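Novice: The following block contains the structure, expressed as structure tokens.
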Amino acid sequence: MPLDAPRLTQIKDPGFDRVQPRLVDYFGRNEMFLFLALYAMGGTTLAGVFMVAALTAGYTTATPIIWSAVAGFALALPIVWYVTRRLRG
């Protein structure tokens, strides 16, 4: 490689200098790990509860059971976010 060739780190992208907020920047590294650990437990728990509720309500086909699991995972996001913020202060 010639000495006057630009390195990859020297190439500038006009839109690259704008910083986009990321979830790690919003929470912090330790809080992100706590959030993911709590979401892994809380999401599966709520999905399981919603699936059992759908089965006891008489919905035995695949579509309502899948949608109840999706609803459980979706509902767990704001709950776990709130719990993480309260635990980390």
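None of the figures in this text is laboratory data; all of them are computed from the coordinates on show. This one's a predicted model, so the numbers in the text were calculated from it and none came from an experiment. FYI the Cβ positions are ideal-geometry reconstructions off the backbone, even for glycines, and counts take in every protein chain you see.
Novice: For Thr84, are the conditions met, namely being among the hydroxyl-bearing types (Ser, Thr, Tyr), exposed (fewer than 12 other Cβ atoms within 10 Å of the Cβ) and assigned to a helix (DSSP H, G or I)?
Specialist: no
Novice: Another question, if that's okay. Can we say Gly58 is in a loop (DSSP other than H, G, I, E, B) and small (Gly, Ala, Ser)?
Specialist: Yes.
Yes/no matrix, rows are residues, columns are (1) touching a Leu at 6+ places or on another chain (Cβ under 8 Å); (2) buried (at least 16 other Cβ atoms within 10 Å of the Cβ); (3) outside any helix (DSSP H, G or I); (4) aliphatic (A, V, I, L, M):
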residue: Val49; (1), (2), (3), (4): no, no, no, yes
residue: Ala69; (1), (2), (3), (4): no, yes, no, yes
residue: Leu75; (1), (2), (3), (4): yes, yes, no, yes
residue: Pro78; (1), (2), (3), (4): no, no, no, no
